[in-house]
Amino acid sequence: MPDASATILFDGVCNLCNGFVQFVIRHDAAGRFRFAALQSEAGQALLRQYQLPTPSEPDSVVLLTGGRAYTHSAAALGILHGLGGGWRLVARLGQGFPRGLRDAVYRLIARYRYQWFGRQDACWLPTPELRARFL
């Protein structure tokens, strides 16, 4: 699903989301993905460009690829698919579940992510080596 210019928008103050971004960076040897915090100017501009809501408290990671925007479980599984290797198989297995069920589980985790995983006062800043992959 992801093309060469796939972008991941994530909640920049969420510890779970930041952990997921770091996971993607570790497993994205080809460097396919770029990143932007949903709270950043770049993230807000991309949400407007794709005509997505700009909530005060984000509830989904967003995958922008091929001129389309994917949210919730479709975004997470699309990202895993884009990592290739065994992660592509995990994504295919996840896609075997009905989207309504996948999104319900996703929304449950999203609702309690700050309570379960915590949050930061400011967005995570990438290292100088990774800065080029962030918008």
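Packing here is the average count of other Cβ atoms within 10 Å per residue, and on that basis the peptides 85-91, 12-18, highest first, run 12-18, 85-91. When the chain is treated as a GNM with alpha-carbon contacts under 10 Å, the residue of 104, 37, 75 showing the greatest mean-square fluctuation is 104. Rounded is the label for the chain. Its Cα gyration tensor axes, ordered a ≥ b ≥ c, give a/c under 1.5. Full extension of the chain segment joining residue 26 with residue 50 gains 5.9 nm, where the gain is 0.36 nm per residue of separation less the Cα-Cα distance. Can you tell me how the range 84-124 classifies by the Cα gyration tensor, rounded, prolate or oblate, using a/c under 1.5 as the rounded cut? It comes out oblate by the Cα gyration axes. Positive-end ranking of 7, 64, 96 along the dipole of the chain, with charges on Cβ about the Cα centre, is headed by 96. What the range 78-123 shows is 67 Å² of accessible area per residue, with the surface traced by a 1.4 Å probe over protein heavy atoms. Per atom type, the chain shows carbon and sulfur on 57% of its accessible surface, probed at 1.4 Å.
Just so you know, the averaged projected area of the alpha carbon convex hull for the range 9-87 sits at 5.0 nm².
The values are calculated or read from the model by the stated rules, or taken from the named source; none is laboratory data. Note that the structure is predicted; figures quoted are calculated from it, not measured. Quick reminder, even Gly has a Cβ in these numbers, built from the backbone with ideal geometry, and neighbours come from all protein chains shown. The protein model used for the area step is the full one, side chains on, heavy atoms only, and it has no ligands, DNA or RNA in it. Shrake-Rupley method; radii C 1.70, N 1.55, O 1.52, S 1.80 Å.
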